[in-house]
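Each remark here refers to the structure printed beneath this line.
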Amino acid sequence: LILESTKDAYFREITDAANHVVKGDRSVIVFFDDNPTLQDYASSAYYAKLVNKAILDETMSHEEKDYIVKKAATSGQVTLTTAIFGRGTDFQCYDEEVLKKGGVHIIQTFLSESKMEEIQIQGRTARQGAEGTYSMVLCEEHLKKMTKDITAESARRLTKTELYNRLDKSRQLYHEQACTFVEESLKSNEEFHKLTHKCFDALLSGNRELAFESGQSLWCK
């Protein structure tokens, strides 16, 4: 687990980590949060420093996706993709050299909002009982949505386990707050819907006083 303070340092660490692994005759799959972030990396100078590389994205045809998925677990290959392919995509490894050296390595470049998504991405490393490894490279800027308390500087004073636990706690709190917001919004929308019906029903029945009262309540909402 590595947390970098700038985009340049973040991209450099992703590149160095991937190149280090493939030098050992293994393969690497790098998961980005979304396609804009992936394309941002692909347009950087660091992308050119990856030797055998391929991009797997949603816009490709079924045949193109299938070819890249099959090639992803071969020796020396670096595959860049997005979180959506971490859910159910079967990156099977039949390369004996890769298996002998430790299997496929996953680099996750963002903190999942859902712990389940993170577990699913980790699961891409060891399909059908094969060995595999996993690491995480994060950018401080990307964490601000969930926490403003954890920075690259503060992370240097923590062990990797301590850093992960703090990130996980911040994620849980963010998720709980998001759920509360959704529940409150649904409740508010339901109340608004009831008041709207009440107002229209009063107008249709000619009850101007009740219609006016309901209309005022809607306005206050």
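The values are calculated or read from the model by the stated rules, or taken from the named source; none is laboratory data. Predicted, not measured: the structure shown is a model, and the values here were computed from it. Positions of Cβ are generated from backbone atoms using ideal geometry, with glycine treated the same way; all protein chains shown enter the neighbour counts. SASA here: full protein model, heavy atoms, side chains in, ligands and nucleic acids out. Shrake-Rupley method; radii C 1.70, N 1.55, O 1.52, S 1.80 Å.
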Residue count for the stretch 94-114, restricted to those that are surrounded by 13 or more Cβ atoms within 10 Å (Cβ to Cβ) and at pLDDT below 90: 1
Subset of the stretch 77-115 [in contact (Cβ under 8 Å) with a residue 40 or more places away in the chain and in a loop (DSSP other than H, G, I, E, B)]: 77, 91, 93, 95, 102, 103, 109, 110, 111, 112, 113, 114
Close pairs (8 angstrom Cβ cut-off, 6 or more residues apart or separate chains): over 22 Å from residue 71 (Cβ atoms) and among the charged types (D, E, K, R) in the stretch 3-30, part of a helix (DSSP H, G or I) and open to solvent by less than 10 Å² (accessible area, probe 1.4 Å) anywhere: 4/10; 4/152
Count of residues meeting criterion [open to solvent by less than 20 Å² (accessible area, probe 1.4 Å) and in a strand (DSSP E or B)] in the stretch 19-53: 5
Selection from the stretch 1-18 of residues that are of a type in the set (S, T, N, Q) and open to solvent by 30 Å² or more (accessible area, probe 1.4 Å): 5, 6
Of residues in the stretch 60-76 being more than 18 Å from residue 28 (Cβ to Cβ) and outside any helix (DSSP H, G or I), the one farthest from the chain's Cα centre (by Cα): 61
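Among the residues of the stretch 115-129, which ones are of a type in the set (Gly, Ala, Ser) and open to solvent by less than 30 Å² (accessible area, probe 1.4 Å)? Steps first, please.
Kept after step one, since they are of a type in the set (Gly, Ala, Ser), are these residues of the stretch 115-129: 123, 126, 129.
Hit for the stretch 115-129 is 123, nothing else.
One line per residue, one yes/no per condition, for (1) farther than 21 Å from residue 134 by Cβ; (2) among the aliphatic types (A, V, I, L, M):
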residue: 30; (1), (2): no, yes
residue: 36; (1), (2): yes, no
residue: 48; (1), (2): yes, yes
residue: 61; (1), (2): yes, no
When residues of the stretch 44-59 are limited to those that are within 20 Å of the chain's Cα centre (by Cα) and modelled with pLDDT under 95, the one farthest from residue 33 (Cα to Cα): 59
